[in-house]
Amino acid sequence: MVPPKKSIDRQAWSATKVVASIATLAISVLFLLVVITLAINVFSTSFSQEIKSGNVAVISVKGVIASGQSFVEGSVDSEEIKDFLKQASEDSSIKAIILDINSPGGTPVASEEIATAVKKTNKTTIALIRDVGASGAYWVASATNQIWASKLSVTGSIGVIGSYLEFAKLAQDWNVTYRRLVGGAYKDVGDPLSELTPEKERLLQEEIDLLHTYFIEAIAQNRNLSLERVQELADGRTYLGAQAQELGLIDQLGNMDDAIATLEKQLGTSVEPVFYEHKFTLFDILGRLSTQAMHAMGKGIGAGLVSRHQFMT
């Protein structure tokens, strides 16, 4: 006997609810396991690397340099680096500071803030450039007393970039109209949906040129080089470590062991590194997970869009 149609629909609906409930429970359990696993890994890594005593502070500058970006993977929070430098400077047991750099650069303000904090310390400072110490990261390195780098590392890139993709004509092709509502003639400069007029382009280029000038002046002062010499080198190109040494952009070729050996001679004592690192809390982990999730959603929605009117060194 064939059951009534309503009975079949009711059974199907009940089965669907059961499957949905099981799927929701499975996702919740999986998320909880991910959080617990990540927490265990992060905490075990942090505590295993923590050294409670030492006489040389090692501060990592790894990733894109920005302000207030501690939750974003692959970034350097300038505020945190400044705090580490202050702590090391005020610690009487710390005799020197090593900046362990592996960064392509970052925003001008964040880079300049760290460089200024480096110069304010009352300790011997050394920059060790790993694979990359370019642009804003080189600005930071230039503020130290001495720069070490591998002969194969990439450094320099004394320049500023503010390029972005413009979608004005693409929007027109797809019959999308840009309705301009601004208070101020240049408020939407850099908006990818607004056509970049020659006048707007001139204004942006003036800002970039001014930032470039500040960058050049800082390198000249920090490295004790003439403005003319730095201007010759500041066309945005990168240099291998060996080239950078010949040009006066770095002081020594070598790795961490070489820098420490030289530092021991300078200090007249053995070096015991103490690593200044961000210690993750559960709130940090949850914050990072949520940030990464939102970042992934944003990439999916508009992966081709770039932040407007943002300059990078």
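Quick check on the range 260-270: of everything there that is hydrophobic (A, V, I, L, M, F, W, C) and within 11 Å of Thr124 (Cβ to Cβ), which residue is surrounded by the most Cβ atoms within 10 Å (Cβ to Cβ)?
Only one residue tops the list, namely Leu263.
Which residues, taken from the range 250-273, are over 11 Å from Ser150 (Cβ atoms) and in contact with a Lys or Arg (Cβ under 8 Å, 6 or more places away or on another chain)?
Within the range 250-273, Leu267, Thr269 qualify.
Does the range 194-201 contain at least one residue that is among the hydroxyl-bearing types (Ser, Thr, Tyr) and modelled with pLDDT of 95 or more?
No: the range 194-201 contains no residue that is among the hydroxyl-bearing types (Ser, Thr, Tyr) and modelled with pLDDT of 95 or more.
When you scan the range 141-247 for strands (runs of 3 or more DSSP E) that lie fully inside it, which ones turn up with 1 or more residues that are in contact with a helix residue (DSSP H, G or I) (Cβ under 6 Å, 6 or more places away or on another chain)?
Strands (runs of 3 or more DSSP E) meeting the threshold: 146-149, 154-156.
I need every pair where a residue in the range 169-190 that is assigned by TED's automatic domain parsing to the domain that holds Leu203 has its Cβ under 7 Å from the Cβ of a residue that is of a type in the set (Val, Ile, Thr), sequence separation at least 6 or different chains.
Close Cβ pairs (under 7 Å, with a partner that is of a type in the set (Val, Ile, Thr)) amount to Asp188/Val182.
Tally up the residues in the range 106-140 that are farther than 16 Å from Met256 by Cβ and not in a loop (DSSP other than H, G, I, E, B), please.
Here the count works out to 20.
Among (1) assigned to a helix (DSSP H, G or I); (2) at pLDDT 60 or above; (3) of a type in the set (Ser, Thr, Tyr), where does Ser48 come up short?
Status for Ser48: all satisfied but (2).
Mind checking which pairs have a first residue in the range 252-268 that is touching a residue at least 40 places away in the same chain (Cβ under 8 Å) and a second that is part of a loop (DSSP other than H, G, I, E, B) and among the hydroxyl-bearing types (Ser, Thr, Tyr), Cβ under 8 Å, 6 or more apart or different chains?
What qualifies is Leu253/Ser150; Gly254/Ser150; Asn255/Ser150.
The values are calculated or read from the model by the stated rules, or taken from the named source; none is laboratory data. Quick caveat, the model's predicted, so the values are computed rather than measured. Cβ: placed from backbone, ideal geometry, glycine included. Neighbour counts: every protein chain shown.
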